[in-house]
Amino acid sequence: MKPNRSIDALIAELHALAQITAQEPPVVTRVVFSEADLRARAHVKGLCAAAGLAVTEDAVGNTFARWQGSDPALAPVGTGSHIDAIPNAGSYDGTVGVLGGLEAIRVLQSMGYQPRRSIELVIFTAEEPTRFGIGCLGSRMMGSVLSPAQALTLRDKEGRGLEELRTAAGFSGSLESVALNSGRFHSFIELHIEQGPLLEQEGIDLGLVTHIAAPASLRILVEGEGGHAGARLMPGRKDALAAAAELILALEAAAKSTGAVDTVGTVGVCEVFPGAVNSIPSRVRLETDIRDIDGARRDQVLDTLRAACSETAKQRGVQITTELVNADPPAACDEQILSVMEKAAADAGKTTRRMVSRAYHDSLFMARVAPVAMLFIPCRGGVSHRPDEYSSPEWIANGVNVLARTLAALSA
Ligand SMILES: [Zn+2]
């Protein structure tokens, strides 16, 4: 099997899509249901239609472009990613999986290949959390991890709700219908830039993702007693920041104590009130991010942190309340798809390594309803979510080549 299409057309399409942005190119900003997002959707749907794919959309704007197989009753093989982009982003995150997935289909079409199972390109709504504060809105609903009732409570910063915004964007119908039955897809493969430096550093063509780590996020509010930093003597102080410092160190120790390299714990937000040099902190808000590829191990760290909160509250006489913002389960990729991808890469003469996705993707939620795997290509310097994000035509061609071979093997 030899792809007989030049990569130039796909590179031109990636550049053209990057021109559809709310900012001055090459800065890409496409927030879900914004004017730029809707124009980008229309553009990509046009490309799908031109390739002879049948395009449908669900009630929240997830888009499906189907290449009918010779046995349409069989569950299709899915591939795809997202085209929304955070403010000040680049041209490759998500788009490589959408336009590269489309290109893989066109490669197979150009070779006269006829799939037995249909192949469906999926463009997920709102992978990025920019608008609603929650990532992977579309796939989360497809995987029934977010219920329609929960989805309806989502608001953006202007106070506009999902219902209003999706209707304005032209998407209607029951949100109940977004959830997929397991069995709706035979399998799902997402092509994506690595967003880390390993593949480029090691000179390896492709990463085969074995696990997708998932974050748990705990918000912690510490309330102590303020006062004058000079007048109030040390005995009996209830310094909220000193208490918070103990929690930060407790999380670090808990994450290290699992002995697994895949456990990570971070306090990325620390807001101190009133935040004056001569005032004892009376209130501190911490936001924590705990990730692992093993859900039980991650939740153990979470439990240790909660126990530290109770202990510190008791020891220091402060009040500590916690709120679990989210705790998505990590996903393991499907071993059978991984070995199909491994063989596809070997047949194409490309080098691979197995790796963990530390960022999360729509595949994390697709894993709830279908066997999934992810295929990573290098990106320069590991840089992503920035206008200088870059993946070379050769790297992209490798990804499309191996994706096409994998789709062919799975749909045969
Ligand atoms: Zn992405």
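A few notes on this one:
- For the range 273-325, the residue among Cys309, Val325, Ile280 whose Cα projects farthest onto the positive side of the dipole built from Cβ charges is Ile280.
- Whether the range 128-170 is rounded, prolate or oblate, judged on the alpha carbon gyration tensor where a/c under 1.5 counts as rounded: prolate
- Lys/Arg +1, Asp/Glu -1 at C-beta; the chain dipole; positive extreme among Ala240, Thr266, Gly196: Ala240
- Think of each Lys and Arg Cβ as +1 and each Asp and Glu Cβ as -1; about the Cα centre, that makes the dipole of the chain roughly 260 debye.
- Taking the Cα centre of the range 238-374 as origin and assigning +1 to Lys and Arg Cβ atoms and -1 to Asp and Glu Cβ atoms, the resulting dipole is close to 220 debye.
- Where the Cα pairs of the range 210-316 fall when distances are cut into 10 Å bins, in %: 15, 42, 26, 13, 4, 0
- Packing around the peptides 6-19, 239-252, 268-281, taken as the average count of other Cβ atoms within 10 Å per residue, puts them in this order, highest first: 239-252, 6-19, 268-281.
- Test item: Cα-centred dipole of the range 193-314, Lys/Arg +1 and Asp/Glu -1 on Cβ, debye: 800
- A cut-off under 14 angstrom between Cβ atoms defines the neighbours of Leu152, and their net charge, with Lys, Arg +1 and Asp, Glu -1, is 0.
- Sequence ranges 206-217, 96-107, ranked by mean other-Cβ count within 10 angstrom, highest first: 96-107, 206-217
- Anisotropy class of the range 1-96 from Cα gyration tensor, a/c 1.5 cut: oblate
- Panel values: the chain, Kirkwood radius from alpha carbon pairs, Stokes-Einstein at 4 °C and 1.567 mPa s, translational diffusion coefficient 57 µm²/s.
- Cα-based shape type of the range 317-389, given that a ≥ b ≥ c are square roots of the gyration tensor eigenvalues and the cut on a/c is 1.5: oblate
- Separation of the range 7-60 from the range 360-412 is 17 Å, based on Cα centroids.
- Taking other residues whose beta carbon is less than 12 angstrom from the beta carbon of Ile189, and scoring Lys, Arg as +1 and Asp, Glu as -1, yields -3.
- Span-like helix check, the chain: qualifying full DSSP H segments, with Cα axial length of 20 Å or more and mean Kyte-Doolittle of 0.5 or more, are 95-110, 240-257, 393-411.
Only the coordinates and a few stated rules stand behind these numbers; no lab work does. Only a predicted model underlies this, so the values are computations on that prediction, with no experimental measurement involved. Using ideal geometry, Cβ is built from the backbone for each residue, glycine included, and neighbour counts are taken over all protein chains shown.
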